[in-house]
Each structure stands twice: as C-alpha cells, then as structure tokens.
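Heads up: the structure comes next, in structure tokens.
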Amino acid sequence: MSDKIGTSNFFWCFPSARGATLNARMSRLKETTLGLQIGVSELQDVVDAEKAERIPTLERQVGLARYAELQSKIVALNREQEQYGESNPVQLNLKRRAVILAQEAATRHTDNTLSIISYFVQSRGIDSKDFRAHLEISEDWDDI
C-alpha cells in the first residue's frame, strides 16, 4: 500500500501472511517442545521411582552378570575385528582398485614422457641420451 502526500510517496509495510504463518508455527512448535520436555521429566521421575522400588533378586543379579559378560565379549570381539580389518574383503578390493589406478597413472606418465622424448628426437634431431640428461631421467628408468 502507498499514500501520496504532496509530492512524496509513502509506502506502508504490513506483516505478510507468510510471516504470520511462520510465527504461528513457531509458537506451536515451542508449545509442543515444552509439552514433550514435561513428559520426559515425568517419565524420568517414574523411572527413578521404579528403580528405588526395585527389589534385588537372584534372577536379576544373574541377568546383570550375564549382561556384563556379554558386553565384555562384544568389546573383545570388536577389538579382534579391528585386528583383522586389513583382511576385510571390502578393504582388499579397495586396495586392489587403488593399485590398478596407480599402475594406469604410471603408464600414462611413462607414455607421455616417451612421447615428449620421441617428439624432440624426431622433430629437433636431439639425441635421446642428451634429452634424458636434460630432464634428469636416469639410464635405469624403465621404458614400458
């Protein structure tokens, strides 16, 4: 909306419907969050009350001992699995793929270097030994 007063135009800005919708949604979510927090605290009070009323029985003690034993076994098995982690088939396949990619990259590098040497030997008439010396390529470099 705008008003014209004299030679000036004044624009009025009212809150948009989207802003009002977002504010209403935010207030609903805050109320929901507060309700859930109250529910959590009530449930925690119930759990604490039940723990206080719990009667220690032989069956419970045996169950807790079994639970602790199984937890320690899980930790031991996880530790053992970490030792064999390098023998994991998925890891081995990833390493094999990395080796193949490294070999392909080395072959490309060798091919590119040989192409450069060949170009200069053919087009410029430079001796390949001199060119290799200039590029600091040793004599034992493997020409694939």
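The values are calculated or read from the model by the stated rules, or taken from the named source; none is laboratory data. Every value quoted in this text rests on a predicted model; they were computed, and no experiment measured them. Methodologically, a virtual Cβ is constructed for each residue, glycine included, from the backbone with ideal geometry; neighbour enumeration extends over all protein chains shown. Only protein heavy atoms, including side chains, enter the accessible area calculation; ligands, DNA and RNA are left aside. Shrake-Rupley method; radii C 1.70, N 1.55, O 1.52, S 1.80 Å.
Tabulated results
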| read-out | value |
| --- | --- |
| Qualifying position, being touching a helix residue (DSSP H, G or I) at 6+ places or on another chain (Cβ under 6 Å) and part of a helix (DSSP H, G or I), among 99, 121, 75, 90 | 121 |
| Residue in the stretch 63-81 that is under 34 Å from the mean Cα position of the chain (by Cα), open to solvent by 100 Å² or more (accessible area, probe 1.4 Å), of a type outside the set (Ser, Thr, Tyr) and at pLDDT below 95 present | yes |
| Residue under evaluation residue 37, criteria (1) modelled with pLDDT of 80 or more; (2) open to solvent by less than 80 Å² (accessible area, probe 1.4 Å), criterion not met | (2) |
| Out of 139, 104, 31, 50, sole residue that is loosely packed, with under 10 Cβ neighbours inside 10 Å and not in a loop (DSSP other than H, G, I, E, B) | 50 |
| Sole residue being surrounded by fewer than 11 Cβ atoms within 10 Å (Cβ to Cβ), among the hydroxyl-bearing types (Ser, Thr, Tyr) and out of contact with any Leu (no Cβ under 6 Å at 6 or more places or on another chain), chosen from 118, 87 | 87 |
